[in-house]
Amino acid sequence: MFHEGGRSGVLVVHGFTGSPATMRPLADAFVAAGFTVSLPRLPGHGTTIEEMATTGWADWSAEAERAYLELVARCERVVVAGLSMGATLTCWLAARHPEIAGIVIVNAAVRPYDADTKAFIQAMIDAGDEIAPGIGADIADPESTELAYDGTPLRPLLALAAAIDELQEDLPTITCPALVVNSAVDHVVEPPEVVADHVAGLLAGPVERLVLERSYHVATLDYDKDLLAERAVEFARKVTSG
């Protein structure tokens, strides 16, 4: 999705095993507010899990970089917003592009996996397993569903874990304003308040916080999606108004 709007833009990035549909309500809110909006599909996502199994961080970050550069060529100021791994990519971009006006990170996958977890994933791969049960569709609202894979490709998951490790040195270099959002209950990024505290404490720029009391991990499709969109748009307007 690409919508031509005003001279301020927003790049919206979906998460691991998800698709642009997960972020559509948030992207639509930015469109309604007059922003130019880019919502790319990361390689291997929104197609088949077998295709995703052949991709990794280099592929996803390259697409995020491409989409950002396309947007910044059209806009005077750009905000980046991401959910879960989309938030990982958001931070990765912000560390490399200090001109970014601000970032919105929702239930960010930014806290390193412990050694036992990474060893367990590697042991599954060594045993011949390539796909584990899925982590998508963590939504409190029973009327809402996420278009995400039923399984989790393990090699890409290890690639994400390695990228999160490398990101730790980048987080203290991010000086743009940030809106750090976490759900009160999250069955993917746990414990959510600890993860949010982790990233908020490392970022070098001004940080605003928002806790979504009624939502799980996929907050963009959950009970608090309207509150999230309202606060994200308010934040984006503020940081691009100069």
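The values are calculated or read from the model by the stated rules, or taken from the named source; none is laboratory data. Bear in mind that the values here come from a model prediction, so they are computed numbers and not experimental data. No Cβ is skipped: glycine too gets one built from the backbone with ideal geometry, and neighbour counts run over all protein chains shown.
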key: Subset of segment 49-69 [in contact (Cβ under 8 Å) with a residue 60 or more places away in the chain and not small (Gly, Ala, Ser)]   = 49, 52, 55, 57
request  = Show the residue pairs that are 6+ apart or on different chains and have beta-carbon atoms under 7 Å apart, the first residue being within segment 95-107 and under 28 Å from residue 227 (Cβ atoms), the second being among the basic types (Lys, Arg).
outcome  = 101/77
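Find the residue count for segment 75-89, including only residues that are in a loop (DSSP other than H, G, I, E, B) and touching a strand residue (DSSP E or B) at 6+ places or on another chain (Cβ under 6 Å). Even if it seems obvious, please write down each step before you answer.
Applying the first criterion (in a loop (DSSP other than H, G, I, E, B)) to segment 75-89 yields 75-76, 84.
So of that shortlist, the ones also touching a strand residue (DSSP E or B) at 6+ places or on another chain (Cβ under 6 Å) come out as 75.
Summing the residues that are in a loop (DSSP other than H, G, I, E, B) and touching a strand residue (DSSP E or B) at 6+ places or on another chain (Cβ under 6 Å) in segment 75-89 gives 1.
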message = Looking at 29, 33 in this structure, which one is more than 17 Å from residue 69 (Cα to Cα), buried (at least 20 other Cβ atoms within 10 Å of the Cβ) and modelled with pLDDT of 95 or more?
response = 29
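Yes or no: residue 190 in a loop (DSSP other than H, G, I, E, B), at pLDDT 95 or above and not hydrophobic (A, V, I, L, M, F, W, C)?
Details: in a loop (DSSP other than H, G, I, E, B): yes; at pLDDT 95 or above: no; not hydrophobic (A, V, I, L, M, F, W, C): yes.
In short, no.
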query = Can you spot a residue in segment 6-22 that is touching a Cys at 6+ places or on another chain (Cβ under 9 Å), under 27 Å from residue 230 (Cα atoms) and surrounded by fewer than 19 Cβ atoms within 10 Å (Cβ to Cβ)?
reply = yes
query = Which of the following residues is under 16 Å from residue 182 (Cβ atoms) and without any contact (Cβ under 8 Å) to a residue 40 or more places away in the chain: 211, 194?
reply = 211
message = Any residue that is under 24 Å from residue 39 (Cα atoms), part of a loop (DSSP other than H, G, I, E, B), among the polar types (S, T, N, Q) and touching a helix residue (DSSP H, G or I) at 6+ places or on another chain (Cβ under 8 Å) - is there at least one of those in segment 129-144?
response = yes
inquiry  = It is to be established whether one or more residues within segment 144-153 are within 18 Å of residue 21 (Cα to Cα), among the hydrophobic types (A, V, I, L, M, F, W, C), modelled with pLDDT under 95 and in contact with a Gly (Cβ under 8 Å, 6 or more places away or on another chain).
reply    = yes
remark   = Per the list (1) within 16 Å of the chain's Cα centre (by Cα); (2) in a strand (DSSP E or B), residue check on residue 152 breaks on (1)
task = Among the candidates 199, 181, 211, single out the residue that is modelled with pLDDT of 95 or more, outside any helix (DSSP H, G or I) and buried (at least 19 other Cβ atoms within 10 Å of the Cβ).
result = 181
ask   = For residue 98, are the conditions met, namely being over 20 Å from residue 218 (Cα atoms), surrounded by fewer than 16 Cβ atoms within 10 Å (Cβ to Cβ) and either at pLDDT 95 or above or touching a Cys at 6+ places or on another chain (Cβ under 8 Å) (or both)?
value = yes
